[in-house]
Amino acid sequence: GTWGAHVSFTATATDLVDPSPIPVACSPASGDAFPLGTTQVACHATDKAGNQATAHFHVTVADLNPPVLHLADVTLDAHDSTGARVTYVPVPSATDVEDGTVPVDCLPASASWFPLNIETTVPCTATDSAGNETRGSFQVLVTDLSPPTLTVPGTITVEAAGSTGTEVPFTVSASDRSEE
């Protein structure tokens, strides 16, 4: 971006013979928008006798604002007993007053493998075109969020052997991704 800032200043002129205030005109004028970088301002004043004076000064507008990071913690269900490959959602982002959206570097990067049940801090940085840097971090936790899978037999139909019922053998098993 090249916008910059609105800059206000005061320029005055005095004259030994003419004690009344002498109007001063500057270009660019006080309150105007100045771009990033250095801009020369030219000021002119004329006294009642028609004598003219010109002076110059410089206004420098610098980008001193670092980007703002937008980070969110991630909790994800384990793929298996070792952890999961984590894609960061929402995607880490950064905005800057001058540059708009700026890239964010995080280590480890999105789609990296994270271990099960260990909260991992992911540091990130964003740097704007003026070299202003912001650092931040978020947490990634891979945990067991899925219930186990039960395997049961189909419907069993047996004839009652007596008034106390009939013994029916069957097998039930369970498996869980985080324990495989």
Q) Is it the case that some residue within segment 12-20 is without any contact (Cβ under 8 Å) to a residue 40 or more places away in the chain and assigned to a strand (DSSP E or B)? A) no
Q: For segment 121-139, indicate whether the set of residues that are of a type in the set (Phe, Trp, Tyr) and open to solvent by 30 Å² or more (accessible area, probe 1.4 Å) is non-empty.
A: no
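So that you can scan it fast, the table gives a plain yes or no per residue for (1) under 27 Å from Pro66 (Cα atoms); (2) modelled with pLDDT of 95 or more:
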| site | (1), (2) |
| --- | --- |
| Glu98 | yes, no |
| Val102 | yes, yes |
| Pro115 | no, yes |
| Val168 | no, no |
| Ser178 | no, no |
Q: Give the residues of segment 54-65 that are at pLDDT 95 or above and either under 13 Å from Phe138 (Cβ atoms) or open to solvent by 60 Å² or more (accessible area, probe 1.4 Å) (or both), sorted by residue number.
A: Thr54, His56, Phe57, His58
Q: Working carefully through the options Ala72, Ala109, Ala94, find the one that is in a loop (DSSP other than H, G, I, E, B), in contact (Cβ under 8 Å) with a residue 12 or more places away in the chain, farther than 30 Å from Pro19 by Cβ and among the hydrophobic types (A, V, I, L, M, F, W, C).
A: Ala72
Q: May I ask you to list the residues in segment 75-120 that are open to solvent by less than 50 Å² (accessible area, probe 1.4 Å), in contact with an Asp or Glu (Cβ under 8 Å, 6 or more places away or on another chain) and closer than 24 Å to Leu36 by Cβ?
A: Asp96, Glu98, Asp99, Val102
(Q) Can you tell me which of (1) part of a strand (DSSP E or B); (2) polar (S, T, N, Q); (3) farther than 30 Å from Leu36 by Cβ is the one Thr125 doesn't meet? (A) (3)
Q | Subset of segment 122-142 [under 16 Å from Val89 (Cα atoms) and more than 16 Å from the chain's Cα centre (by Cα)] | A | Val140, Leu141, Val142
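The values are calculated or read from the model by the stated rules, or taken from the named source; none is laboratory data. The shown structure was predicted, so the numbers you read here are calculated from the model rather than taken from an experiment. Neighbour counts are summed over all protein chains in view; Cβ atoms, including those assigned to glycine, are modelled from backbone coordinates with ideal geometry. Each accessible area value is taken on the protein alone, full model and side chains, heavy atoms only, with ligands, DNA and RNA left out. Shrake-Rupley method; radii C 1.70, N 1.55, O 1.52, S 1.80 Å.
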